[in-house]
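Trainee: Have a look at the structure that comes next, please.
The values are calculated or read from the model by the stated rules, or taken from the named source; none is laboratory data. Here the structure is a predicted model, which means the values were calculated and not measured. Backbone-built Cβ (ideal geometry, glycine too); neighbour counts: all protein chains shown.
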DNA sequence: TTCGGGGAAGTCATCGGATGGCTTGCGGTG
DNA sequence: CACCGCAAGCCATCCGATGACTTCCCCGAA
């Protein structure tokens, strides 16, 4: 195994074993390199890799630290990964949303605090009739983000956010806007909110399913056309 | 932004834009470094990072290639990330399994091929009464893996595999073995299989939920005791 | 002709050292 | 007590050199 990979494993082991707690500071590059038995250059490759997936946080002029390692932070990487997928697999991601979002919505209807529910409604209200495309995307993102967070499960929340990153969402919204489906979508958002506010998990679950399934079907048809056009 | 991060973004852009197709070979280190305007060392850090998350595949003496970028490959990283989480969040991961596995099991009951269903049954049959702990873990992993794959959604499959990595599973099994819950668990596996073989998605969904929820409750109690013991 | 060995070319792996930039904290000054 | 500047500590980046591994081609033997 390459020295660098070995270093990655060793650093990972130090963290998992508890030797390096979240937030802890690593020895300086030179020392750690010597301890792990490799050059600073190679160590830097390892640190950079762990830094990309948010396990380490390098601050120039200060030092290298272990991040909080919370699900939110680590699963943040998911968004980065999803960006690499093209249209061909977008449907599978949307299918995942159809599984995850209803579950999160139902959970949110049960455990979300009244204040958070109020804030959720405010998000919907904040969108005027003259909203731009970017506004729509941002608002949509914020709405679903709050619901996901309201589920009380950080892993679920991060998964949803990662799988339906801005990239994917932007593309879908662009299409929906062109088809004039915006009012329709906004009505569904409202219905989801009402179900949550009314503390009706089953209804919330159903509306969320309907919402995502609608998107899914629309995308399926669109991709189908595009596919045949390409063929 | 550091040069290395910039390089990561540029390489990512080259891939997303289609300039670098899956399987394509990158220019050699020296050339790419010059093209991106940085040193070989810095470029190597970028490549190493992208290599860790399975976007690039570096083969010594040969060259650097873009991977297939399939969901299976990219979401493989998830397992690596999950390893960093400790007991405190294991429950959240299990809660995710309780959402994902039933969905996958139901889907499998619909679309799995007859051959795959037969093979799935063979997995259960292959486990003798004198199986060791490692056998149990491996068999359990294989059983659930095949079901996840049988859902027909590669993203869902990878997500399940990533979230219930060997690490987490091993710990749970160790505990279950001590409590003599093995026969019970194996009966549930059998019931899940029967439901899939009988093409009854609702039943399969229910059994999978029961199965994971049982684990979840057991773990919740176990952690609760451990937690109070620590306090 | 076919098979296999050997060597050359190409590419990554790793290292050591040197320089520059950023952050932090100490100490001096008003 | 507040502010400013300097020095130390640490990461950022680069250069150049050597070693190791793959691949592929060429040549000789069967």
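Trainee: Could you grab me the full set of residues in region A:1-18 that are surrounded by fewer than 17 Cβ atoms within 10 Å (Cβ to Cβ), within 9 Å of DNA strand C (Cβ to nearest atom) and assigned to a helix (DSSP H, G or I)?
Mentor: Residues satisfying the conditions are A:3, A:5, A:6.
Trainee: Since residue B:42 meets every condition but one in (1) more than 10 Å from every other protein chain (Cβ to nearest Cβ); (2) more than 9 Å from DNA strand C (Cβ to nearest atom); (3) crowded, with 18+ Cβ neighbours inside 10 Å, which condition does it not meet?
Mentor: Residue B:42 satisfies all of (1) more than 10 Å from every other protein chain (Cβ to nearest Cβ); (2) more than 9 Å from DNA strand C (Cβ to nearest atom); (3) crowded, with 18+ Cβ neighbours inside 10 Å except (1).
Trainee: State which residue pairs qualify: first residue more than 11 Å from chain B (Cβ to nearest Cβ) and under 17 Å from residue A:18 (Cβ atoms) and inside region A:59-78, second residue assigned to a loop (DSSP other than H, G, I, E, B) and near DNA strand D (Cβ under 9 Å from one of its atoms) in any location, beta carbons under 9 Å apart, and separation of 6 or more residues or different chains.
Mentor: So the pair list comes out as A:65/A:26.
Trainee: Take the conditions away from DNA strand D (no atom under 12 Å from the Cβ), more than 8 Å from chain A (Cβ to nearest Cβ) and either touching a strand residue (DSSP E or B) at 6+ places or on another chain (Cβ under 7 Å) or over 20 Å from residue A:4 (Cα atoms) (or both) and apply them to residue B:51. Does it pass? Talk me through it step by step, then tell me what you get.
Mentor: Working: away from DNA strand D (no atom under 12 Å from the Cβ): yes; more than 8 Å from chain A (Cβ to nearest Cβ): no; either touching a strand residue (DSSP E or B) at 6+ places or on another chain (Cβ under 7 Å) or over 20 Å from residue A:4 (Cα atoms) (or both): yes.
When the stated conditions are applied, residue B:51 does not pass them.
Trainee: Tally the residues that are away from DNA strand D (no atom under 16 Å from the Cβ) and out of contact with any strand residue (DSSP E or B) (no Cβ under 6 Å at 6 or more places or on another chain), restricting the search to region A:16-36. Explain how you work it out, then say what you get.
Mentor: Step one: filter region A:16-36 for residues away from DNA strand D (no atom under 16 Å from the Cβ), giving A:16-19, A:21-22.
In the following step, the residues that additionally are out of contact with any strand residue (DSSP E or B) (no Cβ under 6 Å at 6 or more places or on another chain) were identified as A:16-19, A:21.
Qualifying residue count for the region: 5.
The rows are residues; the columns are (1) modelled with pLDDT under 95; (2) surrounded by fewer than 17 Cβ atoms within 10 Å (Cβ to Cβ).
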{"position": "B:180", "(1), (2)": "yes, yes"}
{"position": "B:184", "(1), (2)": "yes, yes"}
{"position": "B:187", "(1), (2)": "yes, yes"}
{"position": "B:195", "(1), (2)": "no, no"}
{"position": "B:200", "(1), (2)": "no, yes"}
{"position": "B:206", "(1), (2)": "no, no"}
{"position": "B:214", "(1), (2)": "yes, yes"}
{"position": "B:226", "(1), (2)": "yes, yes"}
